[in-house]
1. Using just the helices of the chain, give the 222 nm mean residue ellipticity in deg cm²/dmol: DSSP H runs with n ≥ 4 each add -39,500 (n - 2.57), and the total is spread over all residues, rounded to 500.
2. Remind me, relative contact order of the chain in percent, using alpha carbon pairs under 8 angstrom and six or more residues apart?
3. With the chain treated as a Gaussian network of Cα nodes joined by springs under 10 Å, which of Pro263, Pro148, Pro179 yields the largest mean-square fluctuation?
4. Evaluate the Kirkwood expression for the hydrodynamic radius of the range 35-75, namely the inverse of the mean inverse distance over all pairs of different C-alpha atoms, and round to one decimal in Å.
5. Which of the chymotrypsin sites (Phe, Trp or Tyr not before Pro) across the range 197-257 are loop residues per DSSP, with 15 or fewer other Cβ within 10 Å?
6. Report ³J(HN,Hα) in whole Hz for each residue of the range 259-272, in order, from the Karplus equation J = 6.51 cos²θ - 1.76 cosθ + 1.60 where θ = phi - 60°; Gly and Pro get x.
7. State the dimensionless ratio Rg/Rh of the range 2-75 (Rg: radius of gyration of Cα atoms; Rh: Kirkwood radius).
8. Return the aspartates and glutamates within reach of Lys33: Cα separation strictly under 17 angstrom, same-chain partners fewer than 8 residues apart disregarded; answer none if there are no such residues.
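Quick note: the coordinates plus some simple rules give every number you see, no bench work behind them. Since the model is a prediction, treat every value here as computed from it, not as a measurement. We place every Cβ from the backbone using ideal geometry, glycine too, and count neighbours over all the protein chains shown.
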Amino acid sequence: MRAFVSVADTGQFQRTAAELTITQQAVSKRIAKLERDLGVRLFTRTVRGAQLTIDGQAFLPHARELLQVERRATDSVRPGRRALRIDVINRRIAPAALLRDFHGAHPDLHLDVVVLDDSGVDAAIAAVRAGTIDASFRAVPLPARQMPDVIKAIRVVDEPHELLTGPTHSLAAARAVTPADLVGHRIWIPGILPGTEWATYYDDLAAEFGLTIDPVGPNFGTEHLLDVLADSATLASLVGEKTRLLWPTRYDLRRIPLHDPTPIYPHSLIWHRDNPHPALAQYQEL
């Protein structure tokens, strides 16, 4: 296919041979094989070179497209060319905002934001170590955790919590609340998976401040959570300060800062110290 496109562009088998660093005879054999496979003549040979037949003209744009697909396929996995793969727990939270800023500052760099199926920190470290992903945002309990020598982690963002309520909740009019104010209220966070890092985090948060964090109920997604909170006088939830949420104006939901003290979710960036991807160093600088 590459030989065909080159001959179509150059009009010369000899120039294609030089371009592909093969012999002119090899070019002729490749074109002949392609013509046999297709059952049509692609070129008319003249003393001036090779000219596309009508079938060759019809085939050329599709051949170019096939080469572009092949290049994109190999670039998707080739070190130095493929996209920088960074894992986040959720595409709505603070690390995702950092990645949007990074993409805005470096629009020409390819970035692939992924969410691992198993989002525990150990699974993320294993994926970074194996090279499945280039980096991951996770809550790493440093310095208590003994990281593998080849794995590096730095604390990059501490995301404060906000209380999210509907307009009829008893705390809806508050300008700010404390963890003590939340005692006795039902904090609804459906879909917390046992064994995940955020399950551990919310268990620790509830134990520290005596909170009632309720994970019961099917997790139908963020939109369903907002829908339920909008009509509830008893349910509230916790969201990160930089978590992006959109809802209809009629919901009249309230995001209330949580202070004295302010619980934060500690996001660390994890990467392999020997990762050769050129964009990773630029991201660390950002």
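1. -11500 deg cm²/dmol
2. Answer for the chain is 23 percent.
3. Answer for the Gaussian network model of the chain: Pro148.
4. Kirkwood radius, the range 35-75: 11.5 Å.
5. Qualifying residues, ordered by number: Phe220.
6. Result, rounded to whole Hz: 10, 6, x, 9, x, 10, 9, x, 8, 10, 9, 10, 8, 8.
7. Ratio of gyration radius to Kirkwood radius for the range 2-75: 0.96.
8. Asp55
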